[in-house]
Amino acid sequence: MKMNKAFIREPDSTADFCPRCGSKGEPVGADALKSYLTDQQRQGLAESVSFCPSPKCQVVYFDSFERMVMATETTRPVYPKDPTAPICACFGLTQEDIEQDVREGVVTRTKAVLEKAKSPDARCAKMAANGKPCVALVQKYYMQCRNAHENS
């Protein structure tokens, strides 16, 4: 017996992409969600939740049913949605701290946080909105600032 393709549901390949901006989502663990969402918000999402990494998109978390939590709905500010929120949620390093290092021609604040990020005191899975270490984000922003400073 042949089955008509009209009755076969195609796999939903968009479940891993932000329903608002289309960015590839990053899977997020329960610990990070507990730090940024209320119990009621977490209960309104599926078991599997993704973080939208796009700074321009106001969606922070979403699930495969396209339920979303916006940046204005989280219990605290989320980087990169809010540029004043700490890049490093564990140790509080902000864009302003990195910019100050670049202006002063030092890496004091930036390097100190990168060293701390390697220590047992780093609690990225719980403190970071995406549940991941900040090292790559900190390094990227530092290089952007340094390049902008050198070209100005």
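Side notes on the structure shown:
- When residue 106 is tested against the conditions (1) among the aliphatic types (A, V, I, L, M); (2) within 19 Å of the chain's Cα centre (by Cα); (3) assigned to a loop (DSSP other than H, G, I, E, B), the lone failure is (2).
- Tally, over the range 119-144, of residues that are in contact with a helix residue (DSSP H, G or I) (Cβ under 8 Å, 6 or more places away or on another chain) and among the charged types (D, E, K, R): 2
- Selection status of residue 82, assigned to a loop (DSSP other than H, G, I, E, B) and open to solvent by 90 Å² or more (accessible area, probe 1.4 Å): no
- Scanning the range 85-115 for residues that are more than 21 Å from residue 33 (Cα to Cα) and of a type in the set (A, V, I, L, M), we see that the one that is surrounded by the fewest Cβ atoms within 10 Å (Cβ to Cβ) is 106.
- Any pair with Cβ under 9 angstrom, 6 or more apart, that starts in the range 130-151 at a residue that is over 27 Å from residue 61 (Cβ atoms) and ends at one that is open to solvent by 80 Å² or more (accessible area, probe 1.4 Å) and modelled with pLDDT of 95 or more: 145/103; 149/103
- Taking the range 116-131 as the range and being surrounded by fewer than 18 Cβ atoms within 10 Å (Cβ to Cβ) and assigned to a loop (DSSP other than H, G, I, E, B) as the test, the residues that pass are 118, 119, 120, 121, 123.
- Test: residue in the range 23-38 that is within 25 Å of residue 109 (Cα to Cα) and assigned to a loop (DSSP other than H, G, I, E, B): no
- Look at the range 14-41: where a residue is basic (Lys, Arg) and a partner is open to solvent by 50 Å² or more (accessible area, probe 1.4 Å) and assigned to a loop (DSSP other than H, G, I, E, B), sitting 6+ places away or on another chain with Cβ atoms under 7 Å, you get 24/16.
- Residues in the range 40-60 that are touching a Leu at 6+ places or on another chain (Cβ under 7 Å) and of a type outside the set (Lys, Arg): 49 only.
- Number of the condition not met by residue 59 [criteria: (1) in contact (Cβ under 8 Å) with a residue 24 or more places away in the chain; (2) crowded, with 18+ Cβ neighbours inside 10 Å; (3) within 29 Å of residue 151 (Cβ to Cβ)]: (3)
- Breaking point among (1) closer than 18 Å to residue 139 by Cβ; (2) in a strand (DSSP E or B), for residue 50: (1)
- Criterion applied to 86, 53 was being under 29 Å from residue 148 (Cβ atoms) and either among the basic types (Lys, Arg) or free of Cβ contacts under 8 Å to residues at least 24 places away in the same chain (or both), and the one residue passing it is 86.
The values are calculated or read from the model by the stated rules, or taken from the named source; none is laboratory data. What you see is a predicted model, and the numbers here were worked out from it, not measured in a lab. Virtual Cβ from ideal backbone geometry, glycine too; neighbours counted across all protein chains shown. Surface accessibility is based on the protein's heavy atoms, side chains included, excluding ligands, DNA and RNA. Shrake-Rupley method; radii C 1.70, N 1.55, O 1.52, S 1.80 Å.
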